[in-house]
Structure formats: structure tokens, C-alpha cells
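A.B. asks: One structure is given below, represented as C-alpha cells, and several questions about it will come after.
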Amino acid sequence: MAALTPISRKPFWLVALVVGLFGAFIGLFVGTANGSGPIGAICGAALLVGLAFLYINVLKDERAGRGITFAGLGIAGFAGAGIPGAVLGAIFGAVGGWMIYWIYEGRYRSYLPPYLTAGQVLWHYAFRVICGAIFIFLITPILVVMPLSFNAENFFTFTPEMLRFDPEGYSLKHYRDFFSNNEWQRSFKNSLIIAPIATVISVSLGTMAAIGLSQSHVPARRAIMAILISPMIVPLIISATGMFFFYSQFGNWMESTLGLDKNLVGYIKVILAHAVLGIPFVIITVTATLVGFDRSLTRAAANMGADPITTFFRVQMPLILPGVISGGLFAFITSFDEVVVVLFVGSASQKTLPWQMFTGLREQISPTILAVATILVFISICLLTTLEMLRRRSERLRGMSPS
Amino acid sequence: MKFTKTLMATTALTMVAGVSGAADMADEMTIVSWGGAYSKSQLKAYHEPYAEKSGVNIINDDSSAEAVAKLRAMNEAGNVTWDVVDVVAADAMRLCDEGLAMEIDADTQLADGDNGMKASEDFGELLVSDCFIPQIVYSTTFGYRTDLVGDTPPSKICDVFDLEAYPGKRSLEKRPINNMEWALLCDGVAKEDVYEVLATPEGQDKALAKLDTIKDSVVWWSAGADTPQLLADGEVIMGSTYNGRLFSVIEEQKQPVAMLWDAQVFDLDGWIIPAGLSDERKARALDYIMFATDTQRLADQAKYIAYGPARKSSAPLVSKHADLGIDMAPHMPTDPDNAKNTFLYNYEFWADYRDDIDAKFQAWLAK
């Protein structure tokens, strides 16, 4: 994008204000880590404002100024806290040096329309800062567990070795533990058995329900819909208590009357309970997809002599498939993440991954949990990527279909 | 002729019944315990040898923390899925009173000691309830960070209450048991009078007032793993937890932590068998208990975790740690050096007063 606005140099007070705030913000963290936040903030602000003054009034060479800030703060960081300090110091120096000239030369305005007032420019950047802060707020708790899962010690702690980037402080032993420990493997296997089967049940039942409810002649559609999605709204602990008593009786009946194996009955109970939790997600996504579905297509199919079942599988299903699949993914994740209901309904043979993590967290704070969490985050990322790709495909299909 | 046939048929039937009777035990059992290093020690010392001997498939459920509530619910729903449950003595008493646990006759249903001593004598006074089969003696005691307490490490329980000599956070369990006793001990109450004082509302206020002096510096824990984590982080300088957890922090994880054995509080942990099991599951559970609480097995557990075996006859057999090769005897709470000043937890007192004092303690916490 080309520059929109001719730029001009800005007064020093503006530079001092912005870089001072930035320096104070960073200094606050450094200061807190070293004992006193306020002192750190004042030092950070003073440092950057002082540098800005020197560069603008004395040095007058941008390249040298930025180089000095970058290298100087990197070396200072190294002297203070080793390699991690050097990295953080250099980053701070690079950003600080860049910011001094960015403000001073007025570059911050160059990509904005020339008619904006100072307030609007301020809001433009404040908005971006707020968005960034929200993003950090959402992602940091997830990111912070990842390096900890490589901890060489059995605690949730960043050891001094880890902070020095010493290879000694890192190890894959928690991942090894996950792949070699029977309990973890058994619960992983259980999750892989329970979640897909529960998903298939939720998807079939949920899709049928959504299609039925989208017919205009069904009486009391709203009431039925409300009942069907209630498992999503009722607090889980209430559903779980109800399910516990219901499925206990149901399980006893299956064992005594049908003579089924105790373990099989256990799996059936958990799978059915999870399917109930997954159905609302499928109904909601499929209903949303059906809104965009052109009903004249089914009439056209009927006109051509297709019976309703053929019409469903050959005409309707391919068009609503993205909705069905994303509902299925939600159902899968619900079952895969679920701990409350399985604690109530399942017995130890059906212990799933979240159950194992839950007891592990309570009885023994082991970083193996973090290793598993990291693995699960990657699985989730893969699933969400699939979801996004399906969404794009559906948009493409819709764009091509005659409307 | 007819008679002979009947006789033969009966004999055959009896024999079949006899044979199947011997093998009439469930081939799968669910054992409930506390998880973590403790479950691991049971796996090594009891489950693995037993599974090898009997071919039974053992499933572990780490739900002991909510054993009482879950057993109640299971009983109500008529679907008890647990076969053997590891609980602390106080829980065993409650379950026994409510009829949720099976009564055990120590002399006929538990193995004799290897020195021929009857089980009732071998366990002695540790058989605190008719349903309870003691397994280990553990203690709740303090650990401290050796690098954060200055030059004179704490040596007495009252150092926990001394903010001047040992400034910094300490972690205490989020319940009145043990904390109230320690507070009174450090408020000048003699050891033998503690429960007498604690039975009165004034005594309870006195204990809470003593706890008040350090309340701002306390981090409250609820799971056994919390204090080890807090100590390893350096977030607290000292904290109470189970001695086996501290052993693991010190010897296995090599953290700069040391034990403060003064006024450690002894407690018991052991097995119960839920009431109302089917005959074959009950037979299996009893067979397991008979095996897992014999002299050698109890001594074996001490190879993996620093808890004292509940049988007198097991004590001489306690040997070295299975992986580290260090002598386990000096790490046992019952070791004479560690047990110089111990505090005996009073079950009857807490059974009677727990609800009242709990309510008072929670109200005090929220203040």
C-alpha cells in the first residue's frame, strides 16, 4: 500500500509521551521481576525518553540510533540475565529504537487518510493495541503450558536451567511417560473409542432432528427444539447427577436381563451419555446450514422420480455436509473434553483422558498433564483447521449454486 | 439302579460345584486408591504380584478423595462398581457406621504374621474399626525450603507460627484437623490437654486466634500434591503435607527441602471392602486383601514410598528404596529419631466435633 498522507516531523513532546509510555510498560515487568514495579517503570520511561532526546537533538542519524539501541539494550540484558535477557533486551531495543523514529518522522500517519483528526489517529492505534491485548489475554494461558511440558523436573515450574535455555533443563520425559504409562495409554484409548462412536450417534440423531424440525408442518417446533438443546443449557453437574441414576438402573437392566458384559455396558453408558451432550451442537449447526438450503431442489428431485431417501442422500446431504461435519467436530470435542459426566456415569474401566488429567492434577501435579495438554492443543488445531477449510469449501459451493 | 444314578448324578454335581466353587471368583476387580506415587507403590508391591499369582485383571480408580460420597451414591443406585477401596481411618469409620463397608474378622480373614502372630495382635490397636484393614501409618508434617529459611532452620512446630524468625508464606491444609491442634500446642496448651481444650468453644476460639496471627501468610492447600509444588516453586518457605510426599520431593526430585518432624500427626490408611458385593466379587476382594496385607507385602510397599507398614511384623523387613537404593527406615514416620515428639490424632474427638469445628473454621477462613 502506498503512502496516503505526506508526512512531517513531529514535536518532541509527542515522541517523549509515546516512547515514555512504552518504556514504562516494559519497565514495569522488568521492575516487578527484580523487586519493584514502579521503579522499573520510571527507569524504563526515563531511558527511552533520554535516548529519544539524544537521537533527535544530538545524533541525527537514524540508522546509528536504532543500531545503538538494539545492541546496547541487548548487551545490557545479557549482563543482567544471560541469554534470555539478551534476547528480550534486544527485542525491546529494536522496538524502542524503531518507535522513536516512527513517531518523530511522523510515519505513523503515512498509511492513514489525510483528513483524520489527531483523535481519530489515536483511536486507530488504540484499537489495535486493545485487540492485541485481548489476543494475548486469550492465548497466553495456553502457550505458557507448552514450554513447561518440556521441563526436566517433575514440577510446574520454570527452573533456572530452563530460563537460561540450558538443554539440561529440558527433556521429553513427560512425553515418554505419556506414551509408555499404562494408565495414560488406557485412558487415551478409551477416549478414542468413546468419542468417535458418541460422535456418530450424535451426528445421525442430530441431523435427523434438525431436518425434521426444519419442516414447516411439524407442530410445536420451538418447544421440541428447546428440549433437544437443553443438555447444552442445563448445568453439566445436574445432567450428570441425573444420568448417574438413570444409567445405573439402565446398566443393571442390561447386565441382568440382556446378560451383557460389565465392561461393554460401561462403554455403552458413557457413549450414550456423551451422545446426548453432543446432539445439541449438531442440531444447531445443521439447522443453521439448512437455512441456506433451497427447498425447490427437493421438489425438483421428487419431480424427477427420486424417493425421499434418495433425495436426502444425493441432493440434501451433500449440500448440508459442511454443517453436519462441523457439528460432528463439536460433538467430538465435547466428548473428548468431557470430565464431569464420565466421572459420574463411567467406572474406572472407562476412564477417559480428561478424567485421568483431572485425577492427575489433584493427586500428583505432574507435567505429563502438560505434555498431554500440548498434544491435545495440536489435535484441536488440526480439527479447527479442518473446520475452517470446510467452511471455505461450503462458501465456494454456495457461490457457484444458482440462487 | 435309579438310586445309584441319582447318587452318581448328585456326586458329579457336588464335584462340579466344588471345583467351580474354588475358582468362583471374579476375574476382574476395581481397586480404588489415591493416585500418584502412592498408587504406584501399591501397584508395585501388591497389584503386580497378585495379578501374576491369580491372573486377575486389576483396574485402578484414583477416586479415594471422594470415596465416601461416591459409595453412598453407588449404594443408592444399587450399582457398586468398586471391589476394594483405600481410605483413611476416619472415612472407614464413617462408612462402617453407615453400613457401606463390610465387617472383617481379622483373625480368620487376614493372614497371620510371618512370625505366627495372629492378625489381630499383629495389627494391634491400629484396627480402629471393624471394617478397616490397616495398611500404612503416615504422618502429616512440615517441610521447609532449606535455602529460604536463613541460617537456623526451623526445628520446632511453633516456628511455623513465628513470622519474625521465619518471614514468608507457609501452606496449611484447608481444614481444621491438625491445624487446630498445632495452634493450641503453640499457644501453650500441654499436649495431653489439647483435645480437652479443643472441645470447648473458648478453646476453639483460642486456636483460631493463634491461627489468626499467621493467616495473612498462609496459602491453603487441599490436595496432597499442592505443598510439594509450592515448595518446589519457592512460593512458600514451609508447608504441611503427608510425609511420603515430602520424601519424594527431597529424595526423588532432589529439591532443596528438609523435614520438620516435630509434632507430626500420625494417621492410618487402609482398605475397606464395600458392602453388598456379589459372592464372587466378595471372594475375590477377600482373597486380594489376604494377600496384600500379609507381612511381606506391607514391608514391600515401603520400598516405594516412605510410609510405615501397619503390621508390627513388617517393620524388621523394611529395606532399601527400590530405585534409589537408600535405606528407608530413617525416612519412616515411625523411626525413633523422627518420632521423638509426635502427636496422636484423636479419632473419637474428630468424629464427634468435626461438623461443628469445620463450620467454625470455614467461617473464620471467609472472614
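A.B. asks: Of the residues that make up the stretch B:81-93, is at least one modelled with pLDDT of 85 or more and within 9 Å of chain A (Cβ to nearest Cβ)?
C.D. replies: Scanning the stretch B:81-93 turns up at least one residue that is modelled with pLDDT of 85 or more and within 9 Å of chain A (Cβ to nearest Cβ).
A.B. asks: Yes or no: the stretch A:72-95 includes at least one residue that is outside any helix (DSSP H, G or I) and either surrounded by fewer than 20 Cβ atoms within 10 Å (Cβ to Cβ) or touching a residue at least 40 places away in the same chain (Cβ under 8 Å) (or both).
C.D. replies: No, that holds for no residue.
A.B. asks: Suppose we filter the stretch A:98-117 for residues that are small (Gly, Ala, Ser) and modelled with pLDDT of 85 or more; how many remain?
C.D. replies: Residues flagged as small (Gly, Ala, Ser) and modelled with pLDDT of 85 or more within the stretch A:98-117 amount to 0.
A.B. asks: Being free of Cβ contacts under 8 Å to residues at least 60 places away in the same chain and in contact with a helix residue (DSSP H, G or I) (Cβ under 9 Å, 6 or more places away or on another chain) narrows it down to one residue among A:Leu258, A:Leu236, A:Leu272; which is it?
C.D. replies: On inspection, the qualifying residue turns out to be A:Leu258.
A.B. asks: Shifting gears a bit: Would you mind finding the one in A:Phe53, A:Phe78, A:Phe22, A:Phe70 that is aromatic (Phe, Trp, Tyr), touching a Leu at 6+ places or on another chain (Cβ under 9 Å) and assigned by TED's automatic domain parsing to the domain that holds A:Tyr101?
C.D. replies: Of A:Phe53, A:Phe78, A:Phe22, A:Phe70, the one residue that is aromatic (Phe, Trp, Tyr), touching a Leu at 6+ places or on another chain (Cβ under 9 Å) and assigned by TED's automatic domain parsing to the domain that holds A:Tyr101 is A:Phe22.
A.B. asks: A further question follows. Count, please, the residues in the stretch A:50-106 that happen to be more than 20 Å from A:Ile7 (Cβ to Cβ) and touching a Ser or Thr at 6+ places or on another chain (Cβ under 8 Å).
C.D. replies: 4
A.B. asks: Which residue is farthest from the chain's Cα centre (by Cα), if the candidates are limited to the stretch B:73-121 and must be over 23 Å from B:Pro309 (Cα atoms) and of a type in the set (S, T, N, Q)?
C.D. replies: B:Asn79
A.B. asks: For the stretch B:179-203, which positions are part of a helix (DSSP H, G or I) and more than 26 Å from the chain's Cα centre (by Cα)?
C.D. replies: B:Val197, B:Pro201, B:Glu202, B:Gly203
A.B. asks: Here's something else I'd like to know. So in the stretch A:157-180, with the set limited to residues that are in a loop (DSSP other than H, G, I, E, B) and farther than 22 Å from A:Gly85 by Cα, which one is farthest from the other protein chains (Cβ to nearest Cβ)?
C.D. replies: Initially, the stretch A:157-180 is screened for residues in a loop (DSSP other than H, G, I, E, B), giving A:157-159, A:164-166, A:171-172.
Subset that is farther than 22 Å from A:Gly85 by Cα: A:171-172.
Values: A:Ser171: 14, A:Leu172: 18 Å.
So, considering only residues that are in a loop (DSSP other than H, G, I, E, B) and farther than 22 Å from A:Gly85 by Cα, the one farthest from the other protein chains (Cβ to nearest Cβ) is A:Leu172.
A.B. asks: Among the residues of the stretch B:327-367 satisfying the criterion of being touching a residue at least 12 places away in the same chain (Cβ under 8 Å) and among the basic types (Lys, Arg), which is surrounded by the fewest Cβ atoms within 10 Å (Cβ to Cβ)?
C.D. replies: Selected residue: B:Lys340.
A.B. asks: Could you list all residues from the stretch A:216-266 that are touching a Ser or Thr at 6+ places or on another chain (Cβ under 9 Å), hydroxyl-bearing (Ser, Thr, Tyr) and closer than 21 Å to B:Thr81 by Cα?
C.D. replies: Across the stretch A:216-266, the qualifying residue is only A:Ser239.
A.B. asks: Are any residues in the stretch A:140-183 closer than 20 Å to A:Leu353 by Cα and among the charged types (D, E, K, R), and if so, which ones?
C.D. replies: If the condition is that a residue be closer than 20 Å to A:Leu353 by Cα and among the charged types (D, E, K, R), then A:Lys173, A:Arg176, A:Asp177, A:Glu183 are the ones that fit.
A.B. asks: Shifting gears a bit: Return the residue satisfying two criteria in turn: it lies in the stretch A:252-271 and is out of contact with any strand residue (DSSP E or B) (no Cβ under 8 Å at 6 or more places or on another chain) and more than 17 Å from A:Ile197 (Cβ to Cβ), and of such residues it is nearest to the other protein chains (Cβ to nearest Cβ).
C.D. replies: It comes out as A:Asn252.
A.B. asks: Would it be correct to say that A:Ala306 is within 14 Å of another protein chain (Cβ to nearest Cβ) and more than 30 Å from A:Leu138 (Cβ to Cβ)?
C.D. replies: The answer is no for A:Ala306.
A.B. asks: Considering each of B:Val219, B:Val265 in turn, give the residue that is away from every other protein chain (no Cβ under 13 Å) and touching a Gly at 6+ places or on another chain (Cβ under 9 Å).
C.D. replies: Exactly one of B:Val219, B:Val265 is away from every other protein chain (no Cβ under 13 Å) and touching a Gly at 6+ places or on another chain (Cβ under 9 Å), namely B:Val219.
A.B. asks: Moving on. Looking only at the stretch A:317-350, which residues are outside any helix (DSSP H, G or I), modelled with pLDDT of 90 or more and either surrounded by 20 or more Cβ atoms within 10 Å (Cβ to Cβ) or not assigned by TED's automatic domain parsing to the domain that holds A:Leu297 (or both)?
C.D. replies: A:Glu338
A.B. asks: Might you let me know whether the stretch A:369-384 holds any residue that is within 14 Å of chain B (Cβ to nearest Cβ) and within 30 Å of B:Thr241 (Cβ to Cβ)? Talk me through it step by step, then tell me what you get.
C.D. replies: In the first step, residues of the stretch A:369-384 are kept if they are within 14 Å of chain B (Cβ to nearest Cβ); the result is A:369-370.
Checking the rest, the ones that are also within 30 Å of B:Thr241 (Cβ to Cβ) come to A:369-370.
Yes: the stretch A:369-384 contains one or more residues that are within 14 Å of chain B (Cβ to nearest Cβ) and within 30 Å of B:Thr241 (Cβ to Cβ).
A.B. asks: Here's something else I'd like to know. Got a sec? Which of B:Lys40, B:Lys70 is under 17 Å from the mean Cα position of the chain (by Cα) and among the basic types (Lys, Arg)?
C.D. replies: Values: B:Lys70 fails: under 17 Å from the mean Cα position of the chain (by Cα).
Exactly one residue qualifies, and that residue is B:Lys40.
A.B. asks: Can you say whether A:Met317 is farther than 15 Å from A:Ile194 by Cα and within 14 Å of chain B (Cβ to nearest Cβ), as far as the supplied structure shows?
C.D. replies: Values: farther than 15 Å from A:Ile194 by Cα: yes; within 14 Å of chain B (Cβ to nearest Cβ): no.
Judged against the criteria, A:Met317 is not a match.
A.B. asks: Would you check which residues across the stretch B:42-73 are facing chain A (nearest Cβ under 8 Å) and over 21 Å from A:Arg186 (Cα atoms) and list them?
C.D. replies: Step one: filter the stretch B:42-73 for residues facing chain A (nearest Cβ under 8 Å), giving B:59-63, B:65, B:73.
Within the stretch B:42-73, B:Ala65, B:Ala73 meet the criteria.
A.B. asks: In this structure, is B:Tyr304 out of contact with any helix residue (DSSP H, G or I) (no Cβ under 8 Å at 6 or more places or on another chain), at pLDDT 85 or above, crowded, with 18+ Cβ neighbours inside 10 Å and of a type in the set (Phe, Trp, Tyr)?
C.D. replies: Here the answer is no, as B:Tyr304 does not meet what is asked.
A.B. asks: A follow-up question, please. When you scan the stretch B:217-315 for strands (runs of 3 or more DSSP E) that lie fully inside it, which ones turn up with 1 or more residues that are out of contact with any Lys or Arg (no Cβ under 9 Å at 6 or more places or on another chain) and either of a type in the set (Ser, Thr, Tyr) or assigned by TED's automatic domain parsing to the domain that holds B:Trp350 (or both)? Can you show your working first?
C.D. replies: Details: elements: B:218-221, B:238-242, B:257-272.
In the stretch B:217-315, the matching strands (runs of 3 or more DSSP E) lie at B:238-242, B:257-272.
A.B. asks: A further question on this structure: Take B:Ser120 and tell me if it is surrounded by 16 or more Cβ atoms within 10 Å (Cβ to Cβ) and small (Gly, Ala, Ser).
C.D. replies: So B:Ser120 does not fit the description; no.
A.B. asks: Count, please, the residues in the stretch B:240-258 that happen to be more than 19 Å from B:Lys303 (Cα to Cα), more than 13 Å from chain A (Cβ to nearest Cβ) and aliphatic (A, V, I, L, M).
C.D. replies: Residues in the stretch B:240-258 being more than 19 Å from B:Lys303 (Cα to Cα), more than 13 Å from chain A (Cβ to nearest Cβ) and aliphatic (A, V, I, L, M): 1 in total.
A.B. asks: What number goes with the only condition from (1) in contact (Cβ under 8 Å) with a residue 12 or more places away in the chain; (2) within 24 Å of the chain's Cα centre (by Cα); (3) not assigned by TED's automatic domain parsing to the domain that holds A:Leu343 that A:Phe127 does not pass?
C.D. replies: All conditions are met except number (1).
A.B. asks: Would you point out the residue of the stretch B:26-41, among those that are outside any helix (DSSP H, G or I) and more than 8 Å from chain A (Cβ to nearest Cβ), that is farthest from B:His321 (Cα to Cα)?
C.D. replies: Here the residue is B:Ala26.
A.B. asks: Which one is surrounded by the fewest Cβ atoms within 10 Å (Cβ to Cβ), of the residues in the stretch A:351-368 that are more than 10 Å from chain B (Cβ to nearest Cβ), under 19 Å from A:Ile194 (Cβ atoms) and in contact (Cβ under 8 Å) with a residue 40 or more places away in the chain?
C.D. replies: Per the stated criteria, the residue is A:Pro354.
The values are calculated or read from the model by the stated rules, or taken from the named source; none is laboratory data. Being a predicted model, the structure only gives us computed values, none of them experimental. Every residue, glycine among them, receives a Cβ derived from its backbone with ideal geometry; neighbour counts consider all protein chains shown.
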